[in-house]
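The values are calculated or read from the model by the stated rules, or taken from the named source; none is laboratory data. Everything numeric in this text was worked out from a predicted model, so none of it was measured. All Cβ positions, even for glycine, are placed from backbone atoms using ideal geometry, and neighbour counts span all protein chains on display. Protein only, heavy atoms only, side chains kept; ligands, DNA and RNA dropped before computing areas. Shrake-Rupley method; radii C 1.70, N 1.55, O 1.52, S 1.80 Å.
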Amino acid sequence: MLAIARQRMLGQSFKKILPAVSVLRSYSSAAKQITVREALNSALDEEMSADPKVFLMGEEVGEYQGAYKITKGLLEKYGPERVLDTPITEAGFTGIGVGAAYYGLKPVVEFMTFNFSMQAIDHIINSAAKSNYMSAGQISVPIVFRGPNGAAAGVGAQHSQCYAAWYASCPGLKVLSPYNSEDARGLLKAAIRDPDPVVFLENELLYGESFPVSDEVLDSSFCLPIGKAKIEREGKDVTITAFSKMVGYALKVSEMLERDGIYAEVINLRSIRPLDRSTINTSVRKTNRLITVEEGFPQHGVGAEICASVVEESFSYLDAPVERIAGADVPMPYAANLERMAVPQVEDIVRAAKRACYRSVPLAATA
Amino acid sequence: MALSRLASSSSSSRSADLLKPLCSAISLRRPISTDTTPITVETSVPFTSHQCDTPSRSVQTNAKELLTFFRDMALMRRMEIAADSLYKAKLIRGFCHLYDGQEAVAVGMEASITKKDCIIAAYRDHCTFVARGGTLLEVFAELMGRQAGCSRGKGGSMHFYKKDSNFYGGHGIVGAQVPLGCGLAFAQKYSKDEAVTFALYGDGAANQGQLFEALNISALWDLPAILVCENNHYGMGTAEWRAAKSPAYYKRGDYAPGLKVDGMDALAVKQACTFAKEHALKNGPIILEMDTYRYHGHSMSDPGSTYRTRDEITGVRQERDPVERIRKLILSHDLATEKELKDIEKEIRKEVDDAIAQAKENPLPESSELFTNVYAKGLGVESFGADRKEVRAVLP
C-alpha cells in the first residue's frame, strides 16, 4: 500500500498509531471503519438491489472483479446480464450506455481511469449532457460515469490528468468527487438515483483508505444531496476549499496552521457541478481569505471558478488576494522528485495560507 | 376497361367525390384506400446478401398500403421542398439537411415495424420524424425555432425527437447515433421487449470507428440492432469511392450479416426491414445497405452540383424516383386514376401550406425557456446568462 495520510488528534499532544492502516478520530469512539473501496462497492450493491434498471458496464468490471476491485462480487451476485465486461472500446461502449439510458435504463459506466474517458467524451457531452435540453425534456439521461481521476503514483503523463474542470464546465452534467467513505457511499447513491448524467470522479489512492462511518451512513437508504459542500472543519481565519484527495491534505494543513494560531475552515466541495457557491461565499465572508486547492492543471481550473465566484459575490469581504494551489502547469513527469513537484504538497498549502494571512514566509527557491 | 368506382373518402376524411361512370359498371369496387386485397409486386432488383439468405423479391402489399406510401412520400417530398424555400427566405437558420429522394427508406421501414421498435438517425431526420408520427406543424415550427416545434424550438433541424413513438433523434455528430442505437437495442433486450432498433447512418458515417466498436459489442451480446446505411453515395461533398476503401457497406460488418437493398423502392425497403427485424430478434445485429439518393446537396449551404453532374441527378429522378415508382405501380394496377393521385398531391400542398402558415404565426419561445430542461432535476441551483449580475435563474 502507498503512504496513507495520518490524521492528528485535535488538541492532543500524542500520536495514536494503529498497527494496520489508519487512525480513529477522537470523537468516534465506537464507529465502524470502512475503506472507500468498500463504500463504493456497497453503494453499487445496494442500488443494484433496489432498482433492477441499474446495471454496470466497463472493462474488467465482471470476471476480473474490477480493475481496482470496486465491483468485486457484483457479477456473482447479479449475473452477467447486469454486470457487463466490455471490450477496450470506450467510444463504443459509452455510446451504448448512453443509448440504454435514453431508453430508460440506469447504466453505471466505469472508465478504468478518466484519462480514457477522452475517447468517449463526445458521448458524455454531446449525447448525454445536452440531450435533455435539445429535446426539451423528452430524452433524459440517467447515467453515471465513474472511475478514478487525477494523479496516482508514478503512472506518467497520460494516466494522471484531473478532469474535474473540463466536465464541470458543461451545463447538463453533474460532477461529483468524494473524499471519504461517507462521501463515497452517499454521493454514488445520489448519482445513481439522479435522473441526469453524473460524472463521478474517484481517486485511486483513496480506495484503500479507511474512514469512520456512522450507522446512518451504512443504512441502505443513506444518500447525500448533490450540490452541497461540507464544512469538514470550522475556522475563522482562512477558508480552504478542496475536493477528493486534497481534502485530506487540507485537513492536515489546518492542524499545522492551528499550531501557529491560524484557524482554517476546510470545505470539502463534494460537488464540483453544481458548485456550492453559497457555502463557499458564506465561509469567505466569515474568514475574509481563501485558498483553493486542486490536483489538476491550474489554468481554467476549479479554483479559477471559485475565485471568480468569490470576487463577484464577496469582493468587499476579501482581505487578501485569493490564492490557488493546483497541480503544476506541466504534463505529469515520471521521476519521483519531479512528480512530487508536479502535485500540491501540504507545505504548498500552508505557505499559501500564511501568505493570505500576511505572515512572512521566506521565498521558495525557484528551479 | 374503365370500371366505375367511388372515389373514397380517404383516411384523412376529405369530401368524397362521386365519379360519373363513362360506361356501366360490371361491379362496384371497394373504396380504394381501405382495400386490403393482397397484391404481389416484384422488387426492382433482387437483394444481395452477405453471410445470410436473401429475402424473396416478391413483396406482399395492397392498395391501402400503396396509397399510404404514395401519400406519405408525396407529403415528405413537398415538406422538404417547402423547407428549402423557407430556408432561402431566412425563416430557417443554421443547418438544414433535406431528405428528398430518400423518402422510400423512411416509409418502407415504418411499414415493416411497430412503434415499440426504436429508430435513431443522424441530422437528416425530418422525414423519419414524420414517418414515426410527427406532424407537419411540429416540423415547421421546430425548423423556425417556435414553441410548437417538436423540441419546443430548442433543438432545430438536427434535433427532432419523438420519444412516445420511440424515435430518438436527431443527432449532429456523425456516427454517434450508431452506438446510441445499439444501446437502445441493449435496453430492449434487457427489458425483454421483443423489439428491435434501427440505427440509421450515411455512407460518410460508415467509416466511423465507433460504429465498428458498437457492432462488435452488439454481435458479442446478441443485441437486436439493425444498422441501416442510407447510402446516398456522397458524404457531404466526398463520393463514396474517395472515402471508403470498400464501399460495399453491407459487407463491412464482416462477421455480421448484411443485405443490399434498392433504397428507392419502398416495397424492397419494407421487405428488407421485415427480414432484418426477424433476424435481429433471433441472431443479433445485421446491416442493411439502402442504395438511395438525395436530390439536394448535403445541406442548404451545398448546391450539390460541384461534386456531381446535373445529368446524374436528373437521371436518378427520371429512372428511380421513389414517389414516381409508387405512382406507376398504383396506375398500372388500376388502384387509382391519375386525377385522384393529383388530387392527393393538391391536398398535400394545402396541408403543407397550412402548416407553414400556422408555424409562422406561432411564437418564439419565452425567454425563460433559455434555462429550462438543462437538467431533468435541477436541484434549485442557479444558472446564469451572459451577464451573470443581470440574468440569473433557478433551475427547477
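Observations on the model:
- At the residue level, B:Phe212 shows approximately 70 square angstrom of accessible surface with a 1.4 angstrom probe and all protein chains present.
- When nucleic acids and ligands are ignored and a 1.4 Å probe is applied, B:Met290 ends up with an accessible area of around 0 Å².
- Rounded to the nearest 20, the Cβ-based charge dipole of the protein assembly as shown about its Cα centre (Lys and Arg +1, Asp and Glu -1) stands at 880 debye.
- The packing ranking of peptides A:315-325, A:106-116, highest mean first, is A:106-116, A:315-325, where packing means the average number of other beta carbon atoms within 10 angstrom of each residue.
- Solvent exposure of B:Glu347, expressed as accessible area, is near 50 Å², computed with a probe of 1.4 Å over the protein chains only.
- Taking one quarter of the surface of the C-alpha convex hull of the range B:85-212 gives a mean projected area of 8.0 nm².
- Of A:Arg355, A:Arg185, A:Arg37, the one that fluctuates the most in a GNM where chain A has Cα springs shorter than 10 Å: A:Arg355
- Beta bridges per DSSP with both ends in chain A, % antiparallel, nearest 5: 25 percent
- Among the listed pairs A:Lys130/A:Lys245; A:Lys286/A:Lys354; B:Lys251/B:Lys282; A:Lys189/A:Lys286; B:Lys88/B:Lys162, those beyond 25 Å (Cα-Cα): A:Lys130/A:Lys245; A:Lys189/A:Lys286; B:Lys88/B:Lys162
- Pairwise burial A:B, computed as accessible area of each alone minus the pair, summed, 1.4 Å, Å²: 4100 Å²
- Kirkwood Rh in Å, taken over chain A so that all alpha-carbon pairs contribute: 21.1 Å
- Under the membrane-span-like helix rule (DSSP H runs whose alpha carbons stretch at least 30 Å along the helix axis, mean Kyte-Doolittle hydropathy -1.0 or higher), chain B yields B:63-88.
- For the segment A:101-111, counting C-beta atoms of other chains within 10 Å of every residue's C-beta and taking the mean gives 4.
- Dipole magnitude of the range A:33-218, debye to nearest 20 (Cβ charges: Lys/Arg +1, Asp/Glu -1, about Cα centre): 400 debye
- Against the empirical curve 2.2 N^0.38 Å, the C-alpha radius of gyration of the range B:192-342 lands at a ratio of 1.18.
- Proportion of all alpha-carbon pairs of the protein assembly as shown beyond 44 Å (%): 36 percent
- DSSP bridge pairs, the protein assembly as shown: antiparallel proportion in percent, nearest 5: 30 percent
- DSSP-defined antiparallel bridges as percent of all bridges, chain B, nearest 5: 40 percent
- Taking amide H positions as modeled 1.01 Å from N, with prolines and chain starts lacking one, the residues under 5 Å from A:Asn203 and 5 or more places away or on another chain are A:Asn149.
- Given R0 = 25 Å, the distance between the Cβ atoms of B:Asp53 and B:Asp254 translates into a calculated FRET efficiency of 0.90.
- Relative to the Cα centre, the charge distribution of chain A, modelled as +1 at Lys and Arg Cβ and -1 at Asp and Glu Cβ, gives a dipole magnitude of about 960 debye.
- Candidates A:Pro195, B:Ala266, A:Ile121 compared by Cα position along the dipole of the protein assembly as shown: farthest toward the positive end lies A:Pro195, with charges placed on Cβ.
- Dipole axis of the range A:230-357 (+1 Lys, Arg; -1 Asp, Glu on Cβ), positive-most option in A:Phe315, A:Ile267, A:Ile349: A:Ile267
- Ranking of B:His333, B:His126 by solvent-accessible surface, largest first: B:His333, B:His126 (1.4 Å probe, protein heavy atoms only, all chains present).
- If you sort the three axes of the alpha carbon gyration tensor as a ≥ b ≥ c, you get a/c of 1.5 or more for chain B and a/b no higher than b/c, which makes it oblate.
- Pairs of Cα atoms nearer than 8 Å and 6+ residues apart set the relative contact order; for chain B it is 18 percent.
- The mean number of partner chain beta-carbon atoms within 10 angstrom of a residue's beta-carbon across peptide A:122-130 is 3.
- q = 0.13, 0.15 Å⁻¹, the range A:62-220: log10 I(q)/I(0) [Debye, one scatterer per Cα]: -0.62, -0.83
- Span per principal axis, largest first, for the Cα atoms of the range A:190-255 (Å): 38, 25, 24
- Proximal lysines relative to B:Lys245, as straight alpha-carbon distance under 27 Å, when same-chain residues fewer than 8 apart are discounted: B:Lys260
- Cα-based helix-to-principal-axis angle, A:90-103 vs chain A, degrees rounded to 10: 70 degrees
- In chain A, the longest principal axis of the Cα atoms and the axis of helix A:277-287 are about 10 degrees apart.
- Average beta-carbon neighbours from other chains, 10 Å sphere, peptide A:190-196: 2
- Take every pair of alpha-carbon atoms less than 8 Å apart whose residues are at least six positions apart; their mean separation over the length of the range A:33-218 yields a relative contact order of 26 percent.
- Compared with the dominant principal axis of the Cα atoms in chain A, helix A:36-50 is inclined by about 40°.
- Cross-link reach is defined here as a Cα-Cα straight distance under 28 Å, omitting same-chain residues fewer than 8 places apart; for B:Lys339 the lysines meeting it are B:Lys20, B:Lys64, B:Lys270, B:Lys328, B:Lys350.
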